Structures are given as structure tokens and as C-alpha cells.
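Encoded as C-alpha cells, the structure appears first; notes follow it.
Values in this text are rule-based calculations from the coordinates and carry no lab data. Quantities reported herein were computed from a predicted structural model and do not represent experimental measurements. Here the Cβ positions follow ideal geometry from the backbone for every residue, glycine too, while neighbour counts run over all protein chains shown.
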Amino acid sequence: MRQFKSCGFIVMRTVPQLSFLLMQHPHRYDLPKGHMETGEDEWDCALRELHEETGIPASALKLDRTFRFTNTYKTRYKRYGKEKIEKTVVIFLGWLEQKVTVQLTEHSSYQWVEWNPPHLIQKKTIDPLLGKLERYLLENTAKRLN
């Protein structure tokens, strides 16, 4: 069975309110992410895909080097005649530190979704990611208060 790894970001912003960036394909939501290329590590891939799909440069983000979400699942891949593959998705966290204009290249639209858990958006990857992020943010807020 073929194996693929995609890496990307959940981009959070605090202004005008706490929210995260979702990309939209015609029939589903997604995050800015994509396949690793030869010679790339996960961070290089995630930053390249973020810039390619949104126009957001790494310099506009404060990268959280602690948060890492991983999900592996089997799916059918159109690229290979609907062959069944094993896909691993790795998502990092980035906090937007400046105003940016999102420039779409692979998605039909995007939206900033207000952070108001629990979120029910997409069962396979996005909902588990947001659940883990919610726990992570609560733990880190508690640590800062102690």
C-alpha cells in the first residue's frame, strides 16, 4: 500500500477575535497543507504549502514548536485511479502576528472561523485537530496562570 505524508498549518489569529483559517474546496473544508517533496522535512513542507496555498509567509507567523497534530488513515486516491493508500497528515500551529491578505491558488474560498469549541466541521482530520488544539490551549493557559 502506498504511503503519503501531507504537512500543513492551522493558522490562528487574535484580531478581530480568536479565530482560525479554513480553506474551502467546492464540497469540503481543508487546511493549507500538501505532500512532502524530496529533501523536505515536515516543517519545510508545511511552510512551503502555507505560502503556496495562501500567500502567507513564515515571517507573518509566530510558530509554536510544541504543538503537533498527526493523523493516519486509509483513503482512496483519485491521483492513482482510486487506489487505496495510507495517508499521514501532520499539522503545526502558527499564530498570525500581522495583517495579511490571503491569496488563493488551490481553493475556491477561505474563511476565518471564530474559536468557539467544540467545532464540528469535518470528522476525519479537522475535528480531531481542533479537539487536540482546544486541550493544548487550555493546558498552556493553566500553566501561564500558575
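Would you confirm whether or not the range 51-62 contains a residue that is under 17 Å from ILE126 (Cα atoms) and in contact with a strand residue (DSSP E or B) (Cβ under 8 Å, 6 or more places away or on another chain)?
no
Scan the range 86-103 residue by residue and report those that are surrounded by 14 or more Cβ atoms within 10 Å (Cβ to Cβ) and more than 17 Å from ASP64 (Cα to Cα).
Matches in the range 86-103: LYS87, THR88, VAL89, VAL100, VAL102.
Given the conditions (1) loosely packed, with under 13 Cβ neighbours inside 10 Å; (2) touching a Gly at 6+ places or on another chain (Cβ under 8 Å); (3) not acidic (Asp, Glu), which single one is not true for THR72?
Checking THR72 against (1) loosely packed, with under 13 Cβ neighbours inside 10 Å; (2) touching a Gly at 6+ places or on another chain (Cβ under 8 Å); (3) not acidic (Asp, Glu), the one that fails is (2).
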